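Below: the structure, in structure tokens.
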């Protein structure tokens, strides 16, 4: 049974194995190409037009948040199947992570999708947009990890502010105050 640390470390290493150029076996030390399902893997890495896309993973308690970012042409955003295409990219990345995790650790990885994916598209110019998408997955095998609770910043800041004010003088005028009657 793997510990929480070993599971997190394995997932991070699997994500790190998808660096730009990992899809070309000539650039790999072991000679194996690693295809993560990203758009930048299509074509030649020097000769063809560069497509900027990538992903990262974040951990929120027992949840893994997969974040995907890409520069997309505005005409592609207007297509009917754009949201489904982003969903397929996220699924392809999850498939890659599971395969790499198994190759690295020898154990299987269970990721259960939690809710729908979320997409944010922002215009960069009249030609390009920035697309950011994320989806949450429940990591199987994490036993001693609790849910992340929403902290109350308001209470923390309120206490800090009151403590700071308590350090000052208590309704006392400074000695050099020349105002009279106060």
TODO: Give the residues of region 1-17 whose amide nitrogen is closer than 16 Å to a point set 7 Å from the Cα of residue 114 in the direction of its Cβ.
DONE: 8
Task: Burial ranking of peptide ranges 130-137, 101-108 (average Cβ count within 10 Å, highest at the top) - done: 130-137, 101-108
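No lab work stands behind these numbers, since they all come straight from the coordinates. Bear in mind that the values here come from a model prediction, so they are computed numbers and not experimental data. Counting neighbours? That spans all protein chains shown, and the Cβs are built from the backbone with ideal geometry, glycine included.
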